[in-house]
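S.K.: First the structure, which I've put down as C-alpha coordinates, then a few questions once you've had a look.
The values are calculated or read from the model by the stated rules, or taken from the named source; none is laboratory data. In this text, all values refer to a predicted model and were calculated from it rather than measured experimentally. In this analysis, Cβ positions are derived from the backbone assuming ideal geometry, glycine residues included, and neighbour counts consider all displayed protein chains. Areas reflect the complete protein model, heavy atoms only, side chains present, ligands, DNA and RNA absent. Shrake-Rupley method; radii C 1.70, N 1.55, O 1.52, S 1.80 Å.
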Amino acid sequence: MPSVEEVEDALSNVIDPELGLDFVELGLIYEVAIEGGHVHVTYTLTTPACPIGPQVSAQIEEFVGEIDGVEEVTSSMVFQPPWTPDKMSEDAKFALGY
(Lines give C-alpha, C1' and ligand atoms only; values in the text may rest on other atoms or scores of the structure.)
Protein backbone atom coordinates (compact mmCIF):
# COMPACT_ATOMS: atom_id res chain seq x y z
CA MET A 1 0.00 0.00 0.00
CA PRO A 2 1.40 3.42 -0.90
CA SER A 3 2.01 6.01 1.80
CA VAL A 4 0.81 9.61 1.87
CA GLU A 5 4.45 10.69 1.68
CA GLU A 6 5.00 8.68 -1.51
CA VAL A 7 1.88 10.20 -3.06
CA GLU A 8 2.90 13.73 -2.09
CA ASP A 9 6.35 13.10 -3.54
CA ALA A 10 4.75 12.00 -6.82
CA LEU A 11 2.45 15.03 -6.75
CA SER A 12 5.49 17.30 -6.54
CA ASN A 13 5.84 16.56 -10.28
CA VAL A 14 2.53 18.30 -11.01
CA ILE A 15 3.63 21.80 -11.95
CA ASP A 16 1.54 24.94 -12.31
CA PRO A 17 2.78 26.11 -15.74
CA GLU A 18 2.07 29.77 -15.03
CA LEU A 19 3.87 29.91 -11.68
CA GLY A 20 6.50 27.23 -12.35
CA LEU A 21 6.01 25.66 -8.90
CA ASP A 22 4.54 22.32 -7.93
CA PHE A 23 1.06 21.79 -6.53
CA VAL A 24 2.32 20.53 -3.16
CA GLU A 25 4.47 23.63 -2.53
CA LEU A 26 1.67 25.89 -3.71
CA GLY A 27 -0.73 24.33 -1.20
CA LEU A 28 -3.11 23.22 -3.94
CA ILE A 29 -3.32 19.62 -2.70
CA TYR A 30 -6.04 19.54 -0.07
CA GLU A 31 -6.23 15.83 0.74
CA VAL A 32 -4.71 12.47 -0.11
CA ALA A 33 -6.89 9.49 0.82
CA ILE A 34 -5.54 5.96 0.47
CA GLU A 35 -7.62 2.82 0.76
CA GLY A 36 -5.70 -0.27 -0.23
CA GLY A 37 -4.46 0.33 -3.77
CA HIS A 38 -6.92 3.17 -4.42
CA VAL A 39 -5.63 6.73 -4.07
CA HIS A 40 -7.93 9.73 -4.18
CA VAL A 41 -6.47 13.24 -4.41
CA THR A 42 -8.51 16.34 -3.66
CA TYR A 43 -7.00 19.49 -5.12
CA THR A 44 -7.83 23.02 -6.07
CA LEU A 45 -6.57 25.66 -8.47
CA THR A 46 -5.39 29.17 -7.73
CA THR A 47 -8.57 30.49 -9.36
CA PRO A 48 -11.78 28.87 -10.66
CA ALA A 49 -11.07 30.49 -14.04
CA CYS A 50 -7.77 28.60 -14.41
CA PRO A 51 -8.01 26.45 -17.58
CA ILE A 52 -5.57 23.68 -16.54
CA GLY A 53 -7.97 21.50 -14.51
CA PRO A 54 -8.13 18.57 -16.98
CA GLN A 55 -4.34 18.68 -17.44
CA VAL A 56 -3.85 18.53 -13.67
CA SER A 57 -6.15 15.53 -13.30
CA ALA A 58 -4.24 13.69 -16.02
CA GLN A 59 -0.89 14.46 -14.38
CA ILE A 60 -2.14 13.34 -10.97
CA GLU A 61 -3.26 10.03 -12.45
CA GLU A 62 0.01 9.61 -14.35
CA PHE A 63 2.46 10.39 -11.55
CA VAL A 64 0.58 8.76 -8.67
CA GLY A 65 -0.22 5.75 -10.86
CA GLU A 66 3.52 5.02 -11.16
CA ILE A 67 3.84 4.28 -7.41
CA ASP A 68 4.20 0.60 -6.50
CA GLY A 69 0.96 -0.74 -5.07
CA VAL A 70 -1.30 1.85 -6.66
CA GLU A 71 -4.09 0.17 -8.58
CA GLU A 72 -6.41 3.12 -9.18
CA VAL A 73 -6.08 6.90 -8.98
CA THR A 74 -8.99 9.31 -8.85
CA SER A 75 -9.08 13.03 -8.20
CA SER A 76 -11.55 15.77 -7.37
CA MET A 77 -11.14 19.46 -8.02
CA VAL A 78 -12.80 21.64 -5.38
CA PHE A 79 -13.01 25.35 -4.69
CA GLN A 80 -14.07 25.23 -1.05
CA PRO A 81 -12.22 26.31 0.90
CA PRO A 82 -10.88 28.81 -1.62
CA TRP A 83 -7.13 28.79 -2.14
CA THR A 84 -5.17 31.73 -0.78
CA PRO A 85 -1.43 32.43 -0.85
CA ASP A 86 -1.15 31.63 2.87
CA LYS A 87 -1.58 27.93 1.94
CA MET A 88 1.82 27.96 0.17
CA SER A 89 4.98 26.57 1.72
CA GLU A 90 7.54 29.07 2.96
CA ASP A 91 9.77 28.18 -0.02
CA ALA A 92 6.96 28.92 -2.47
CA LYS A 93 6.15 32.20 -0.72
CA PHE A 94 9.79 33.20 -0.98
CA ALA A 95 10.02 32.22 -4.66
CA LEU A 96 6.92 34.27 -5.48
CA GLY A 97 7.83 37.23 -3.28
CA TYR A 98 5.19 36.80 -0.53
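S.K.: Helix 53-65 against the longest principal axis of the chain: what's the angle in degrees, Cα atoms only, rounded to the nearest 10?
M.R.: Long axis of 53-65 versus the principal axis of the chain: about 40 degrees.
S.K.: If packing is taken as the average count of other Cβ atoms within 10 Å, what order do 53-64, 19-30 fall into, highest mean first?
M.R.: 19-30, 53-64
S.K.: How big is D for segment 49-98, in µm² s⁻¹ as a whole number, if Stokes-Einstein is applied with the Kirkwood radius of its Cα pairs at 37 °C and 0.692 mPa s?
M.R.: D, rounded to a whole number, is 247 µm²/s.
S.K.: Hey, another quick one. So for the chain, taking the charge dipole from beta-carbon charges (+1 Lys/Arg, -1 Asp/Glu), which of T42, G27, Y98 sits furthest toward the positive end?
M.R.: Y98
S.K.: With every protein chain present, what is the per residue accessible area of the chain (1.4 Å probe, Å²)?
M.R.: So the chain comes to 57 Å² accessible per residue, rounded to a whole number.
S.K.: When you count, for each residue, the other Cβ atoms within 10 Å and take the mean per peptide, how do 65-76, 31-42, 5-16 rank with the highest first? Let's see the in-between values first.
M.R.: Working: 65-76: 14.3, 31-42: 16.2, 5-16: 17.9.
Top of the packing list down: 5-16, 31-42, 65-76.
S.K.: While we're looking at this one, here's another question. Can you send over the carbon and sulfur percentage of the accessible area for the chain, probe radius 1.4 Å, protein chains only?
M.R.: Answer for the chain is 50 percent, counting heavy atoms of protein chains only.
S.K.: Another question about this same structure. Among DSSP beta bridges lying fully in the chain, give the percent that are antiparallel, nearest 5. Please list the in-between numbers first.
M.R.: Numbers: 8 of 14 bridges.
Counting only bridges with both partners in the chain, antiparallel ones make up about 55 percent.
S.K.: Also, I was wondering about something else. For the chain, would you read off the P(r) tail past 24 Å as a percentage of all alpha carbon pairs?
M.R.: 18 percent
S.K.: Then there's this: Quick one: length gained pulling T74 to I52 fully straight, 0.36 nm per residue minus the C-alpha distance?
M.R.: So the chain would gain 6.3 nm between T74 and I52.
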